[in-house]
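Only the coordinates and a few stated rules stand behind these numbers; no lab work does. Every value quoted in this text rests on a predicted model; they were computed, and no experiment measured them. Backbone-built Cβ (ideal geometry, glycine too); neighbour counts: all protein chains shown.
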Amino acid sequence: MRAYRVAYDGRPFHGFQRQPDVPTVEDALFDALRDLGVLDDGTDKPEGYAAAGRTDAGVSARAQTVAFAAPGWLSPRALNSELPASIRAWAGADVDPDFHATHDAESRTYRYHLYAPRDGDEGAIDESRIRDAFDRLAGEHDFHNLTPDETGTVRNLSATVERDGDFLVARLGAGGFARQLVRRVVGLAVEIGRGESEFSKVDRVLGEAVVDGPEGVAPAPPYPLVLWDVTYPGVEFSVDGDAAESAREVFDDRCAEFSVRGRVAGAIRDSLE
């Protein structure tokens, strides 16, 4: 068995998990394995295959982790040779035959990049309020009002936020996450940070009573969210230098692309003042 760290830009995909008729990261991964001769055309998925998590449509990853029975020659660099540029394997590790990338994960960490310039206009975020909101949401709670899941809603959550230039970066960690939990936690903290809701809403949402409809919490947009890290006891990943450099080049190109888009949008905005 071999485990791989995979980074991807989530914008072109309808999430990680395979779905009919729409492009997903998992589809691209399985297509690459077929092109490499690792997966037969009539085979649904590789032997022993599992992934660390199922990111939503538009969510990106730095360290999504997949594991399966792989031939010894299948390095991250080799895997990249058939993957689209928006998906890059960059590290690998040999793991036990019974390793399961989902169930054996000890912790998962997400980062949410919230655009929040200090000199923002109406709707700006009060940093002290959003920090207090994350503090109140941290700890062990039943988050049943922040996910559509009906089971697995009790989680011990770490939640912090740090200033990074014009952005507030929320870091959320737990052993596992129910569906949409990260985005709804962020959504609630943002409501409070903007003064749209009071701190008492945290108590209501974490309470036993069902909170839905207009009083519920919508998930924050997916694009600023990144699956940042997944840890496994006793597993040490080795970085494939060539594969990691390929990933850096891909994301450097995306940084340049969006810098240019931002420059153009800013020039048009400023010309209309």
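Taking R0 as 41 Å, what's the FRET efficiency between Q19 and L272 from their Cβ-Cβ distance, rounded to 0.05? Could you put the intermediate results ahead of the total?
Numbers: r = 41 Å, r/R0 = 1.00.
After rounding, the FRET efficiency stands at 0.50.
Stretching T153 away from E249 to a fully extended chain increases their span by 30.7 nm, per 0.36 nm per residue minus the current alpha-carbon distance.
Between E236 and H103, the simple label model (points 7 Å from Cα in the Cβ direction) yields a spacing of 2.7 nm.
Result for the chain in a Gaussian network model with C-alpha springs under 10 Å: among P97, P224, P76, the largest mean-square fluctuation is at P97. Within the shell of other residues whose beta carbon sits under 14 angstrom from the beta carbon of R184, the net charge comes to -1, with Lys and Arg scored +1 and Asp and Glu -1. Taking Cβ atoms as reference points and 14 Å as the exclusive limit, the residues near G241 contribute a net charge of 0, counting Lys and Arg as +1 and Asp and Glu as -1.
Got the relative contact order for the chain handy, in percent, Cα pairs under 8 Å and 6 or more residues apart? Relative contact order of the chain: 24 percent. Multiplying the residue separation of A256 and D164 by 0.36 nm and removing their Cα-Cα distance gives an extension gain of 31.2 nm. Just checking the listed ones, V182, V239, V260: in the Gaussian network model of the chain with Cα springs under 10 Å, the one fluctuating most is V260. So which chymotrypsin sites (Phe, Trp or Tyr not before Pro) in the stretch 15-107 pass both tests, a DSSP loop state and at most 11 other Cβ atoms within 10 Å of the Cβ? The qualifying sites are W73.
Under a Gaussian network description of the chain, with springs only between Cα atoms under 10 Å, the residue in A116, A189, A101 that fluctuates furthest is A116.
Extending 7 Å from the Cα toward the beta-carbon at both D41 and R194 defines two label points whose distance is 5.1 nm.
For the pair R171 and A57, a Förster radius of 35 Å applied to the C-beta separation gives a FRET efficiency near 0.95, rounded to the nearest 0.05.
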